[in-house]
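To keep things clear, I will list the structure first and then write my remarks on it.
The values are calculated or read from the model by the stated rules, or taken from the named source; none is laboratory data. Keep in mind that this is a model prediction, so the values were computed, not measured. Because the Cβ atoms are built from the backbone with ideal geometry, glycine has one as well, and the counts that use them run over all protein chains shown. Accessible surface areas use protein heavy atoms only, side chains included; no ligands, DNA or RNA. Shrake-Rupley method; radii C 1.70, N 1.55, O 1.52, S 1.80 Å.
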Amino acid sequence: MQLFRVARHTISVLTFCCLLSSLLAMRPAVAPRERTVVFTYKASIPSKQVPTDLWLPIPHDSPFQRITDLTISSPAPYRIDTGAYGNRMLHVRVSAKADTGGMVTVRFTARRLEHSQPTTPQPGHQPISDAERRQWLQPDRLVPIDGKVKQWANEVVTKANARTDLAKARAIYNHVISTVHYDKSGTGWGRGDIYYACDARRGNCTDFHAIFIGYCRAVNIPARFAIGVSLPTDRSEGQISGYHCWAECYLNGVGWVPIDASEAAKNPAKRNYFFGTHDENRIEFSVGRDLRLYAGQAEPLNFFVYPYAEVAGQPLAGVQSVFTYRQL
């Protein structure tokens with residue numbers, strides 16, 4: 001009789017668990033948070049008596065970002081080109097007779113969704129191609145994948161006893177946010193130089209993600225860089241003083257996992273959140289590093305977020321830009 005009661009109790013628990021699982025499966029997924037702003041990007045070039053070429057990044061659409069109502073005001077003819085990784089750019093050709101003091105203004109509406117990626121295998125996931133995998137395992141000029149970087153990366157994953165790609169990526173993430181400080185004092189920071197970042201153990205978002213991306217690639221995990229702006233959360237409109245960048249790593253069977261190591265370092269309470277999530281408070285301008293904006297460009301850009309100008313193929317200093325936004 002006692003055995004019968006135990007068996008009946010076990011069946012009841014199993015029945016309850018099955019019912020609960022069914023109810024959870026039927027529950028609608030929580031909608032991602034979203035934010036919509038009108039964004040204005042203004043750029044001007046110094047007065048020159050020779051033709052000048054000016055480029056500005058134009059944000060692209062993605063599953064987590066929708067750009068609409070794009071308007072452009074320019075004192076000179078322009079066109080929109082598409083470059084590497086699908087990056088879009090505005091190219092303005094300013095003649096010697098044009099009013100170079102005139103402001104180039106780009107305005108658009110950006111609807112941004114929170115990007116949260118489960119780190120468990122996803123049914124029906126389509127893997128990236130072999131070419132794309134090779135592409136995002138390649139080094140950047142300031143993020144070499146040499147013997148020293150491989151040594152450092154392997155030391156991190158070995159110490160964490162990480163055997164799967166997920167465990168390795170998490171070990172690298174934890175290592176970066178626990179050993180690098182967000183600190184923009186002095187010089188050297190902000191270039192995304194992995195050797196600087198590993199030596200100084202401080203810097204901004206580019207330095208944090210140089211280590212994360214470099215170490216991931218060093219242990220054969222594809223990783224990529226993206227840059228744009230961070231939208232302030234304490235006010236609904238105003239000026240944005242600088243850029244923000246972030247990263248993604250690719251896990252087999254899962255997909256591209258969003259990472260924001262610098263935000264996690266600044267906000268320890270959200271360290272788990274920023275491994276697998278990009279919040280909605282950002283606009284992505286471009287992807288990748290070492291970008292050439294046109295065929296034959298002598299030196300690629302380290303990254304592309306600010307306006308860039310050339311005179312006779314040589315970079316032009318003194319280009320000014322202003323970012324503003326207004327929440328809808």
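Mind counting the residues in region 219-243 that are touching a Leu at 6+ places or on another chain (Cβ under 9 Å) and crowded, with 21+ Cβ neighbours inside 10 Å?
Total meeting the criteria: 3.
Looking only at region 288-301, count every residue that is open to solvent by 30 Å² or more (accessible area, probe 1.4 Å) and under 18 Å from the mean Cα position of the chain (by Cα) and tell me the total.
1
Which of the following residues is part of a strand (DSSP E or B) and within 17 Å of the chain's Cα centre (by Cα): PHE285, PHE304?
Answer to the check: PHE285.
Going residue by residue through region 44-51, is there one that turns out to be at pLDDT 95 or above, out of contact with any Cys (no Cβ under 8 Å at 6 or more places or on another chain), at negative phi and in a strand (DSSP E or B)?
No, every residue in region 44-51 fails to be at pLDDT 95 or above, out of contact with any Cys (no Cβ under 8 Å at 6 or more places or on another chain), at negative phi and in a strand (DSSP E or B).
Tell me the strands (runs of 3 or more DSSP E) entirely within region 166-256 that contain at least 3 residues that are under 20 Å from the mean Cα position of the chain (by Cα).
Ranges flagged: 223-230, 244-251.
Have a look at ARG93, ARG133, ARG112 and point out the one that is touching a strand residue (DSSP E or B) at 6+ places or on another chain (Cβ under 9 Å), open to solvent by 40 Å² or more (accessible area, probe 1.4 Å) and assigned to a strand (DSSP E or B).
From the options ARG93, ARG133, ARG112, the qualifying one is ARG93.
For a quick check of your reading of the model, give me the residue pairs whose first member lies in region 192-212 and is under 18 Å from TRP136 (Cα atoms), whose second is polar (S, T, N, Q) and open to solvent by less than 10 Å² (accessible area, probe 1.4 Å), with beta-carbon atoms closer than 6 Å and at least 6 apart or on different chains.
GLY192/THR206; PHE208/SER262
So which residues in region 52-90 are assigned to a strand (DSSP E or B), open to solvent by 30 Å² or more (accessible area, probe 1.4 Å) and not charged (D, E, K, R)?
Hits for region 52-90 are SER62, THR68, LEU70, THR71, ILE72, SER73, TYR78, ILE80, THR82.
Filtering region 250-265 down to residues that are in contact with a helix residue (DSSP H, G or I) (Cβ under 9 Å, 6 or more places away or on another chain) and within 25 Å of LYS184 (Cβ to Cβ), which residue is surrounded by the fewest Cβ atoms within 10 Å (Cβ to Cβ)?
Per the stated criteria, the residue is ALA265.
I'm told GLN327 meets every condition in (1) farther than 21 Å from PRO222 by Cα; (2) among the polar types (S, T, N, Q); (3) open to solvent by less than 30 Å² (accessible area, probe 1.4 Å) except one. Can you identify the failing condition by its number?
(3)
Quickly run through region 136-147 and pick out the residues that are touching a residue at least 12 places away in the same chain (Cβ under 8 Å) and either outside any loop (DSSP other than H, G, I, E, B) or out of contact with any helix residue (DSSP H, G or I) (no Cβ under 9 Å at 6 or more places or on another chain) (or both).
Correct list: ASP140, ARG141, VAL143.
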